[in-house]
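Scroll down for the structure; my scribbles are underneath it.
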Amino acid sequence: MQLHNIAYYPVKSMRGIHTDAATITPQGVTHDREWLLSTPDGMFITARNVPELLLWQATPDAHGLTLTTPDGERRHIPHPDSRSSATVKVWNDVFCAHPCDEDSAAWLSQKIGQPCRLHYLGNSSRILSHSQQPLSFADGAPYLLTNMASLAELNRHLAAPVGMDRFRANLVIDGDTPYAEDGWRHIRIGTVTFELFKPCSRCVMITIDPLTGAKSPLAEPLRTLAKTHRLPEGACFGVNMVALNSGSVTVSDTITILD
């Protein structure tokens, strides 16, 4: 069993970047969910309420972030002044982040179709209560692991198969047994040991086609997942993880199940 794919998502709800190797830190893959779009009052915005965000590409660099809109327009947004801060809310977590410049906020608001502003995490984070690990703008865990065998099993029940990009995982493995990952507690990939602490319950996000931004009129694959793989946490796909040490992982690394 090997590591099949690695991805990180520089802006929450925008397209991810696939890579052959990644640096692993307790907070997440380097550059993962470092930026967040919010309303003027600081409430986070995601593809749940703005599905077309899934069509935007974000590419980080040493000086900031380049955004590419669905129609191909590009804009570079520099790292904000670290002395500026604003309150941002992600679900029930409230913390300080660094807002982008006014011109970039105006451009984003025009492109998105509603007042909004991009925020940079910088050195801030919130603490994941399960493990006291630092957490970025990710919803509930620094890492999400999924299994190609689980996807094949889900697709077996779907009239129109879906790709793994629906599930926005950081680490994808090529396991042999569907949903075996639900029962693992600790694994090693490359030089890093991970603790798997909770199956990932899914929401309306997975009903949005990441290639078109269109929602499934039949609420698929969420509806089928709710019938075929419902756990106490809900309709689940993938497992939330924390990294117990820093290190690196590479596509084709062997997965070792520790317990």
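The values are calculated or read from the model by the stated rules, or taken from the named source; none is laboratory data. All values derive from a computational prediction rather than experimental measurement. No Cβ is skipped: glycine too gets one built from the backbone with ideal geometry, and neighbour counts run over all protein chains shown. For accessibility, only protein heavy atoms count, side chains too; no ligands or nucleic acids. Shrake-Rupley method; radii C 1.70, N 1.55, O 1.52, S 1.80 Å.
Are there trypsin sites (Lys or Arg not before Pro) in the range 26-103 that DSSP marks as loop and that have at most 16 other Cβ atoms within 10 Å, and which are they? Walk me through the numbers before you get to the answer.
Working: sites: 33, 48, 74, 75, 83, 89; in loops: 33, 48, 83.
The qualifying sites are 48, 83.
What's the extension gain from residue 102 to residue 23 if we count 0.36 nm per residue and subtract their Cα-Cα distance? Let's see the in-between values first.
Details: separation 79, 0.36 × 79 = 28.44 nm, distance 3.24 nm.
Full extension of this stretch gives 25.2 nm more.
Only four residue types carry charge here, +1 at the Cβ of Lys and Arg and -1 at the Cβ of Asp and Glu. Report the dipole size of the chain about the Cα centre in Debye, rounded to the nearest 20. Present the calculation step by step, with values, prior to reporting the outcome.
Values: 22 positive and 26 negative charges, 111 e Å.
Around 540 debye, computed over the chain.
What's the FRET efficiency of residue 123 with residue 71 using the Cβ-Cβ distance as r and R₀ = 30 Å, to the nearest 0.05?
Working: r = 34 Å, r/R0 = 1.14.
Calculated transfer efficiency: 0.30.
Sum up the charges of everything whose Cβ sits under 9 Å from the Cβ of residue 237, counting Lys and Arg as +1 and Asp and Glu as -1, but leave residue 237 out.
Working: positive: 166, 202; negative: none.
Here the charged neighbours net out to +2.
Nearest 10 degrees, 0 to 90: what angle lies between the long axis of helix 102-112 and the longest principal axis of the chain (Cα atoms)?
Tilt of helix 102-112: around 50 degrees.
Let's test the formula: R0 of 41 Å, r as the Cβ-Cβ distance of residue 2 and residue 160. What FRET efficiency results, to the nearest 0.05? Walk me through the numbers on the way to the answer.
Working: r = 28 Å, r/R0 = 0.68.
The value I calculate is 0.90.
What Kirkwood hydrodynamic radius do you get for the chain when you take the inverse of the mean 1/r over all pairs of distinct Cα atoms, in Å? Walk me through the intermediate numbers first.
Numbers: mean 1/r = 0.0532 Å⁻¹.
Averaging 1/r across every pair of different Cα atoms and inverting gives 18.8 Å.
Between residue 258 and residue 226, take the C-beta separation as r, use R0 = 35 Å, and let me know the FRET efficiency to the nearest 0.05.
Numbers: r = 31 Å, r/R0 = 0.88.
The computed FRET efficiency comes out at 0.70.
Under 20 Å Cα-Cα from residue 198, which lysines qualify once same-chain neighbours fewer than 8 residues away are excluded?
Answer for residue 198, where 20 Å is the Cα cut-off: 227, listed by chain and number.
Length gain on complete extension for the stretch residue 111 to residue 244, per 0.36 nm per residue less the alpha carbon to alpha carbon distance? All intermediate terms of the calculation are to be shown ahead of the outcome.
Values: separation 133, 0.36 × 133 = 47.88 nm, distance 3.99 nm.
Full-extension gain reported as 43.9 nm.
Whose amide H sits under 5 Å from the amide H of residue 173, counting only residues 5 or more places off or on another chain, with H placed in the peptide plane?
4, 146, 147, 148
Given a cut-off of 18 Å, what percent of all Cα-Cα pairs of the range 47-192 lie beyond it? Don't jump to the answer; show the numbers that get you there.
On the way: 7315 of 10585 pairs.
In whole percent, the long-distance tail amounts to 69.
Quantify, in whole percent, the carbon and sulfur part of the accessible surface of the chain (1.4 Å probe; protein heavy atoms only). Can you show the working numbers first?
Values: 5730 of 11330 Å².
Carbon and sulfur: 51 percent of the exposed surface of the chain.
P(r) for the range 119-230: what percent of alpha-carbon pairs falls in each 10 Å bin, starting at zero?
12, 40, 33, 15, 1
For the chain, what does the accessible surface come to per residue with a 1.4 Å probe? Please give it in Å².
44 Å²
For q values of 0.17, 0.20, 0.28, 0.30 Å⁻¹, compute log₁₀ I(q)/I(0) with the Debye formula on a Cα-only model of the range 175-237, without solvent.
Those come out to -0.72, -0.86, -1.13, -1.21, one per q.
Rounded to whole Hz and in sequence order, give me ³J(HN,Hα) for the range 43-51 from the Karplus expression 6.51 cos²θ - 1.76 cosθ + 1.60, θ = phi - 60°, writing x for Gly and Pro.
For the range 43-51, the Karplus-derived couplings read 7, 5, 10, 9, 5, 4, 10, 10, x Hz, x marking Gly and Pro.
At a temperature of 20 °C and a viscosity of 1.002 mPa s, determine how fast the range 1-47 diffuses translationally according to Stokes-Einstein, using the Kirkwood radius over alpha-carbon pairs as Rh; express D in µm²/s, rounded to the nearest whole number. Intermediate results must be reported in sequence, preceding the final value.
Working: Rh = 12.1 Å.
Once the numbers are plugged in, D ends up at 178 µm²/s.
Does the range 7-122 come out rounded, prolate or oblate, given a ≥ b ≥ c as the square roots of the eigenvalues of its C-alpha gyration tensor, rounded meaning a/c under 1.5 and, failing that, prolate meaning a/b above b/c? All intermediate terms of the calculation are to be shown ahead of the outcome.
Working: a/c = 1.35, a/b = 1.12, b/c = 1.21.
Since a/c stays below 1.5, the shape of the range 7-122 is classed as rounded.
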